[in-house]
Amino acid sequence: MKGLLETLIRGLGNGSVYALLALGFVIIYKATRVISFAQPALMLAGGVAVSHLTGVTGFYPAVLLSALLIAGVALAIERVAIRPMVGRPVFVVAIITLGIDVVVRVVVNAFIGRDVRQVGDPWGFMQVSIGPLVVQTRWLAMMAATAVLVGLLFAFFRHTRYGLAMRAAAFDQETALAQGVSVGAVFALSWGLAGFLAAIAGMFVGTGQGIEQMTWVVALKALPAIIVGGLDSLGGAVAGGLVVGVVESLFQSYQGEYAPWLGQNFAVVSPYVVMLVVLLVRPYGLFGTREVERV
Amino acid sequence: MKSRCAVTYVAIAALLSACGVFRGDDQGSTGGAAAQAPGVTSEPCPSAVDSKKGCIYLGTISDLTSGPFAALAVPITDAQKAFWARVNKAGGIGGKYEVDVTKYVKDNKYNPEVHRQVYNEIKEHVLGLAQTLGSPTTAAILGDLKANDIVAAPASWTSAWEFEDVIIETGSNYCVEAMNSVDYAVDTYKVKTVMAVHLAGDYGADAAAGAKFAAARDGLTFTNVETPSGATEQGRAITEITKNKPDLVILTTGPADAATIIGQAAAGGYKGRFIGTGPTWNPALLKSPAAPALKALYEQSAPGKPWDADTPGHKAMRAALPGVTPNDGYTSGWAWAYPMKAALDAMVAGGNVSRKGLLEAVKTLKSVDYEGMLPAEAGNYADQTAVFRQTLINKVDEKAPTGVTTVKDFFTGPTAKAHTFDGPCFAKL
């Protein structure tokens, strides 16, 4: 039982990071109907920015500055590469985001260099006892930070003018435009928020193990998360991220013992299996909007 | 509208250029010596030291930008450029040719398909390959190398190269490395159980097979844990180590994976020993949270001596690479170039300056002068059964330039000494 609970906490910790990444995907998707494949690069850039700034400003200011910096980078990308494509097929824009991802990663790789970079976090592999459980502090930090950020994000959407504008634009762009909502500003804001969240996720991915050029691959785990949760549901993104984290962690700990016939590393594909199952049962995700097609 | 047209023109130009419709470097010509072998010209190299000498072009296919081994591949490539510049300054090959390794350098992104594609782009313009990085990537071009007698120096240590005439490997393979590591641990730490934690494929599986052979010979209990690449994917490997508590873990992963496994296993109460193959180490790990665990539990097995070793070869390398941050990618890259130089020397001396001539020259090499970096017998390509079986063990040392110093010099353990190589080890895991 102790092992199971520790496994769940590890899964929830990692799942919190996937949730932050998934939120970025969903925010951009809701605003623009485009899946932005630039999120992995923004995540990597966030982690690398923290690793450079942490020695200068200390860890916590470095995290805030990096998140703001990456939000700025995301805004710039939206203004330069995405805004001119408004009105074009979303498929074309999605492919452009793939290109942006590659370009940003090549630039960021120059800032990573040859060695693994450390983000200078205070947690390392430190462990803490909660009753009989022994868990890593960084997993608790991941969960706490995600809880706070998700709370702030939901409050922003519910209680601020810009949040309302974003919700309106996500619901119906033309009507929102007719009501005086600046849809362009909504696009920009969605990219900025996604960049901010990706940077925080990048920092957490780097805790303990550091950042290297291939770290961007972690962000791809947000894809099954958004499909599981529903592409257009913020709550779904959080739930999807946590589900992916927990499923992965359970498979890492127990699959070898209980289902060795699945092969040695089924944990790697387990999020995608969950995604397939969800797609079969609820094609629009656990919390996504059911699409109605009139023929 | 104008700007859209401009963007369209630029895009078309970029596309055509990428497709090779027009390019400024005129790769189609290697100097107007139609009768000469591919990659050999009577005209001097582009940056020749002596313009009276001809030029031998060697290709380089490496992981230069976005692949997982870029951190190692860039120093390897830089070291080889410095190596051949030194050779050219010292009179070139047989006083007749200089060697160029700068014109045909291609990025494989550690992707076998890309590797084959860029290989096809350069193969008509080079005599051989100064570097072909990676095992699966090189396997993708191996058939063509053999069909065209193209000699290639690999940048990998899989045991599969022991059985290929056209591949001039340097240093012991991962399989031998792991055998020696297990034998060393039996002697030094009296281990009784061993676990191989490794990546899939002919890097990780080669070492795991070596560990398995040694465990069988030494009467140890052996378990095999294949793990995916990526520091965030190591949960299962860590669980297996902390649950089973083997006396020894043979690690064959990347450095970030290794640090995660060692750091978290130690935090989880594991107190056994880790010995990682050469690529598991990176000096930057000393700044990671895993540093105390690495210092306490980890040693690195290696096919060659580290950067600061006191041999003429190491000294020449350090002199040729002033101001670089020490990295054993440089050391490996430099050492890998010696057999190609010996083969080119033998080819020019033999008078048959061609791909066939180079391959024949390779088959005559019974030893290679590595200037002390490796024993000369490591360069025995004349006898296909002569597998080099010596490796070293390094320990973490913060004061050393690359973070490690040698604790056990070149040695062959009893398992490696007795083992008969009759096929790649990774196929027998």
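Using the Cα centre of segment A:2-216 as the reference point, and only Cβ charges (+1 on K/R, -1 on D/E), how large is the resulting charge dipole? Debye, rounded to the nearest 20.
Around 220 debye, computed over segment A:2-216.
I need the trypsin sites (Lys or Arg not before Pro) found in segment B:251-294, filtered to DSSP loop residues with at most 15 other beta carbons within 10 Å of theirs.
B:K271
Could you state the number of Å between the C-alpha centres of segment B:179-233 and segment B:370-398?
Centre-to-centre distance over Cα atoms comes out at 21 Å.
Please name whichever of B:T252, B:A153, B:L429 sits farthest to the positive end of the charge dipole of chain B, dipole taken about the Cα centre and charges placed at Cβ: Lys and Arg +1, Asp and Glu -1.
B:T252
I'd like to know which of A:W216, A:T160, A:L4 lies farthest towards the positive end of the charge dipole of chain A, counting +1 on Cβ of Lys and Arg and -1 on Cβ of Asp and Glu.
Going by the Cα projections, it comes out as A:T160.
Would you mind working out the magnitude of the charge dipole of the protein assembly as shown relative to its Cα centre, with +1 at each Lys and Arg C-beta and -1 at each Asp and Glu C-beta, to the nearest 20 Debye?
Here the protein assembly as shown has a charge dipole of around 1580 debye.
From the square roots a ≥ b ≥ c of the eigenvalues of the alpha-carbon gyration tensor of chain A, which class results: rounded (a/c under 1.5), prolate (a/b over b/c), or oblate?
oblate
With each run of n ≥ 4 DSSP H residues scored as -39500 (n - 2.57), what mean residue ellipticity at 222 nm is computed for chain B after dividing by its residue count and rounding to the nearest 500 deg cm²/dmol?
Calculated from helices alone, the mean residue ellipticity at 222 nm is -13000 deg cm²/dmol.
Can you tell me the length gained on complete extension of the stretch A:V292 to A:L68, counting 0.36 nm per residue apart and subtracting the Cα distance?
Length gained, A:V292 through A:L68: 76.8 nm.
Taking a ≥ b ≥ c as the square roots of the Cα gyration tensor eigenvalues, with a/c under 1.5 meaning rounded and otherwise prolate when a/b beats b/c, else oblate, which class fits the protein assembly as shown?
oblate
Say a paramagnetic label sat at a point 7 Å from the Cα of A:R83, along Cα to Cβ; which residues of segment A:188-227 have their backbone N under 13 Å from it?
A:188-192
Report relative contact order for segment A:217-293 in percent, whole number only (criteria: Cα-Cα under 8 Å, sequence separation at least 6).
Once divided by the residue count of segment A:217-293, the mean separation gives 40 percent.
Across the residues of A:118-128, average count of Cβ atoms on other protein chains within 10 Å?
4
Would you mind computing, in nm to one decimal, how far apart the modelled labels at A:V103 and B:N352 are, each placed 7 Å from Cα along Cα→Cβ?
In this crude label model, A:V103 to B:N352 measures out at 5.3 nm.
Quickly work out the A:A155-to-B:T405 label distance, labels modelled 7 Å from Cα along the C-beta direction, and quote it in nm with one decimal.
Roughly 5.6 nm, to one decimal.
Compute the angle between helix A:161-171 and the longest alpha-carbon principal axis of chain A, please, reported from 0 to 90 degrees and rounded to the nearest 10.
80
If you keep only loop residues by DSSP, which trypsin sites (Lys or Arg not before Pro) in segment B:44-104 have at most 11 other Cβ atoms within 10 Å of their Cβ?
For trypsin sites (Lys or Arg not before Pro) across segment B:44-104 that sit outside H, G, I, E and B with at most 11 neighbouring Cβ atoms in 10 Å, the list reads B:K52.
Mind checking the full-extension length gain between B:A216 and B:D144? Use 0.36 nm per residue of separation minus the Cα-Cα distance, one decimal, nm.
Taking 0.36 nm per residue and subtracting the Cα distance, the gain is 22.2 nm.
Cα-Cα over 22 Å: which of B:K305/B:K395; B:K123/B:K356; B:K190/B:K395; B:K52/B:K123; B:K305/B:K417?
Beyond 22 Å: B:K52/B:K123.
How high is the relative contact order of chain A, given as a whole-number percent (alpha carbon pairs under 8 Å, six or more residues apart)?
Value for chain A: 34 percent.
Compute the angle between helix B:328-350 and the longest alpha-carbon principal axis of chain B, please, reported from 0 to 90 degrees and rounded to the nearest 10.
50
Between helix B:70-89 and chain B, what is the angle of the helix's C-alpha long axis to the longest principal axis, kept within 0 to 90° and rounded to the nearest 10?
50
Longer than 19 Å from Cα to Cα, which of B:K245/B:K271; B:K53/B:K103; B:K271/B:K295; B:K89/B:K363 are they? Say none if no pair is.
B:K89/B:K363
Only the coordinates and a few stated rules stand behind these numbers; no lab work does. Remember, it's a predicted structure, so these values are computed and weren't measured experimentally. For neighbour counting, all protein chains shown are included, and Cβ atoms are generated from backbone atoms with ideal geometry for every residue, glycine included.
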